[in-house]
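Shown next, in C-alpha cells, is the structure this report addresses.
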Amino acid sequence: MSADTSALPFVAPVDKDSLRRKYAEERDKRLRPDGLDQYVRLTGRFAHFAEDPHQPVVEREPVTDHVTFAFIGGGFAGLTAGARLKEAGIDDIRIIDKAGDFGGAWYWNRYPGVMCDTASLIYMPLLEETGYVPTEKYAHGPEILEHCRRIGRHYSLYEKALFHTGVTELVWDEDAARWIISTDRGDRFTAQFAGMGIGPLNVPKLPGIPGMDEFAGHSFHSSRWDYAYTGGDPAGAPMEKLRDKKVAIIGTGATSLQCVPALARDAQELYVIQRTPTAVDVRGNGPIDPEWHRSIATPGWQKRWLANFTLNWEGFTGQPPAGVEVEDLVQDGWTELGRRMRANITAIPPEEFSVERMMAAVEEADIAKMEQIRGRVDDVVTDPETAAKLKPWYPQLCKRPGFHDEYLQAFNRHNTHLIDTDGKGVERLTERGVVAGGVEYEVDCVIYASGFEYATDYTQRAGFDVTGRDGVTLSKAWADGMRTLHGMHVHGLPNLFIVQLLQGAFLGSNVPHGFAESAQTIAAIVCHAVAEGARAVEVTDEAQTGWVEMLLRDGVPFGRPDCTPGYYNNEGQEIGLAERLNVGYPLGATAFFGMIDDWRTSGEFEGLAFR
Ligand code: NDP
C-alpha cells in the first residue's frame, strides 16, 4: 500500500526553468509531421497480425431471429450492460464479438505478465453481484478473463452470444422500429434496442516502419501473443522455445512494461527498442486477504469504493474542493497521484487562489513525483548509461503513467539490452532484424508492443457504419467530431446506446466505473420505454446541440499540446474541432455520475423523446 501522503505539499528541489527546457527539447525531438499517420492498420498485407491465436473459429449456421437487445462488444461494457438488463427482466440479450469469448481487451491481451495496474477491487466489475473476491491487489490477466466468463455464466449471457462474429452493418428500420444487424458470418437478425461498446483501445496498430514485410523472422503484435512460437502461457509458464532465440520488442508503453520481465527471463537475448521512456512508478502488488475483504464487504461496498476512487483520483484536477476530507479506500498508484496533486492545490491559502497558482501547485507536485521516478531508475538500474536512457523527461500525465516492480530490474540482466533511439524510433526492418541508430540488430523475432488506435474515426475502429432514421449515418454525423448527449445518445439513431468514455466521465474515473454507470442508464431507459409502451427513444436535436455547445465552451482537452507526443495529445498535432469534442464533462467525473444518477432516477430522461 502507498503511504498516505495527502497532507504533504510536494516541493521539487530543482531548477524549474532548465527542467522545462529539457522537457521541451525532448518533446521537439519526437514531434513528427505525420502524427497519427505514422501508424498502419492490421489490414491488407498486415492482416495476418490481426488473426486470433487463442481460439479456432468454429463453423455455425447464420442467425436470423429477433432479440430485444443486441450489444456489440463482449468486454466490460457489454457484460455490465447485459447484466443490468438481465436484472431488469430483459431476457433475450445477444452480445456479439469478434473475439472467441467474452473479455474484450482481456480476451486479446494475453501477453506474458499481463495484469491490470488499477486495483482489482474497483477494476473488476460486478464483484459484489457474482460474489467473487480477487486474489491480488492488482489482478493478472487470466484472472480477469476468467471473471468475464464468470459474469457471462452468472447472467446467462452465453445463451444467445455470437463470438468470432464481426458486425458489418447496423440499419434502422423505422416502420418496424428495430435494428437490422448483419455480420461477417452471414447473420441477419433484428433487435429492438442496440448497444455498442467496442472499447477505447480495440484496434491494434503497427508502426509504419520501412521494410516491415522484408523481415524473414517471426513477428506478432503484443495483443495477439503467439505462444505456439514462444512456448509458455499467460499464467507465467516459461517460454522455453525462446531459450535459443534473439528477440526484439518495439515499444516501451504499459504493455511492454509488463511483458519485458518475462521476455528477459526466457529469451536468449532481448533488445528493448525504446523511442520514449515510460515513467515507471512502484506497483506494490500483494495477495488480498479474504478475511480482510469480508470485513470491508458490507452491502454496496463496490459502488462505494468506485465512488471513493473517482473522488481521490480526481484530486489531480483539484476536486473535491478544499476542506472536504476524503479517505482513500483504494490506495493505488492512481489515487496516490490524485492525492498528491490535491495536497498541493489545497495548500494554497484561499485568499491567494487563482488558476495560475493552481497550475503552479500542480506542476510542483508533478516535478517532485517525476524526480522521484527518475531517482528510482538510478536506484534500480546498475549501469548508469542505461539508467540515464530510461529516465522520462515529461510531466507524468503526458503519457499513461506506468507502475511495475520488475521492469527496470530486467535491464540488470546480461541478456537484456536497451536500444534507445533518442526519440527517433526504429529506422527500418531488414530481412535479418531491426535497424536503430544506424546499427542492425539481428533477431529471430520482432514483437510489436506498439499500442492501439485511439482518436481515429469511430466507425472505422468499429469496423462498420450505423444507418439510422432517414439515412443518417454515424460516420457522417461524427465526421467533424463526436456529437452526443452524455456521450451515449446520438440524434437520428433511435434505440441505440453508445458506451464509451468521451463526453461523459472520460478519464476522470476508472474506465469500468464509466461502463457500470452506462449499464445502469441503459437498463433504466429500456425499462422506461417498455413500461410506457414506447417503440423508440431518441435524443432530441436540441438536447444534443446543447450538450455539444456546453462541451465546446467549457471542456478541457485531456492531452496538453506542450506534452511529449502520444495518444493522449493526438501525437502532438494541432487540436481541431474533433479533438475539442474529445473531452469529458467539464465539472468532472464525480459531478457527471451525480448528474446522471439524478437524470436517470427522476424518470424524466430530459432530452430524450419516447414515441
Ligand atoms: P502504447 O501506445 O502506450 O505504447 C506504444 C509504444 O510503441 C510506445 O512506447 C511508442 O513510443 C512505441 N512506438 C511506436 N512507434 C514506434 C517506432 N516507430 N519505433 C519505436 N517505438 C515505437 O501501447 P501499449 O500497448 O503499451 O498501451 C496502450 C494502452 O493500453 C495503455 O496506455 C493503457 O491505457 C492500456 N494498458 C493498460 C494496462 C493496465 O495495466 N491497465 C496494461 C497495458 C496496457 P512513443 O512513446 O515514443 O510513442
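The values are calculated or read from the model by the stated rules, or taken from the named source; none is laboratory data. Just so you know, these numbers come straight off a predicted model, no measurement behind them. Virtual Cβ from ideal backbone geometry, glycine too; neighbours counted across all protein chains shown. Quick note on the areas: whole protein, heavy atoms, side chains included, nothing else; ligands and nucleic acids left out. Shrake-Rupley method; radii C 1.70, N 1.55, O 1.52, S 1.80 Å.
Selection of first residues in segment 103-124 that are farther than 14 Å from residue 145 by Cα and near the ligand (Cβ under 9 Å from one of its atoms) and of second residues that are part of a loop (DSSP other than H, G, I, E, B) and polar (S, T, N, Q), restricted to Cβ pairs under 7 Å at least 6 apart or on distinct chains, gives the following pairs, ordered by first then second residue: 118/510. Applying the criterion of being closer than 25 Å to residue 567 by Cβ and part of a strand (DSSP E or B) to the residues of segment 196-225, the residue that is farthest from the ligand (Cβ to nearest atom) is 196. With respect to the conditions (1) touching a residue at least 60 places away in the same chain (Cβ under 8 Å); (2) surrounded by fewer than 20 Cβ atoms within 10 Å (Cβ to Cβ); (3) within 30 Å of residue 496 (Cβ to Cβ); (4) not aromatic (Phe, Trp, Tyr), residue 468 lacks only one, and its number is (2). Could you list, in sequence order, all residues of segment 411-443 that are open to solvent by 60 Å² or more (accessible area, probe 1.4 Å) and either among the aromatic types (Phe, Trp, Tyr) or more than 25 Å from residue 385 (Cα to Cα) (or both)? The answer is 431, 432.
Can we say residue 190 is over 28 Å from residue 512 (Cβ atoms), away from the ligand (no atom under 16 Å from the Cβ), β-branched (Val, Ile, Thr) and open to solvent by 10 Å² or more (accessible area, probe 1.4 Å)? Judged against the criteria, residue 190 is a match.
Take residue 408 and decide whether it is modelled with pLDDT under 95 and either outside any strand (DSSP E or B) or surrounded by fewer than 17 Cβ atoms within 10 Å (Cβ to Cβ) (or both). The answer is no for residue 408. I'd like to check something: does segment 237-249 contain any residue that is assigned to a loop (DSSP other than H, G, I, E, B), under 24 Å from residue 427 (Cα atoms) and among the hydrophobic types (A, V, I, L, M, F, W, C)? Within segment 237-249 (the criterion being assigned to a loop (DSSP other than H, G, I, E, B), under 24 Å from residue 427 (Cα atoms) and among the hydrophobic types (A, V, I, L, M, F, W, C)), the answer is no, since none of the residues qualifies. Here the helices (runs of 4 or more DSSP H) wholly within segment 522-611 that include at least 1 residues being in contact with a Phe, Trp or Tyr (Cβ under 8 Å, 6 or more places away or on another chain) and surrounded by fewer than 19 Cβ atoms within 10 Å (Cβ to Cβ) are 589-601. Only one entry of 129, 143 meets the criterion of being within 15 Å of the ligand (Cβ to nearest atom) and either open to solvent by 30 Å² or more (accessible area, probe 1.4 Å) or assigned by TED's automatic domain parsing to the domain that holds residue 196 (or both), and that entry is 143. For segment 363-394, filtered to residues that are closer than 20 Å to residue 20 by Cα and open to solvent by 30 Å² or more (accessible area, probe 1.4 Å), the residue that is farthest from the chain's Cα centre (by Cα) is 388.
Count of segment 277-305 residues, restricted to those that are part of a loop (DSSP other than H, G, I, E, B) and among the β-branched types (Val, Ile, Thr), is 4. Scanning segment 472-483 for residues that are over 13 Å from residue 578 (Cβ atoms) and assigned to a loop (DSSP other than H, G, I, E, B) yields a single hit, 472. Do we find a residue being within 16 Å of the ligand (Cβ to nearest atom) and not hydrophobic (A, V, I, L, M, F, W, C) anywhere in segment 350-373? No, the conditions are met nowhere in segment 350-373.
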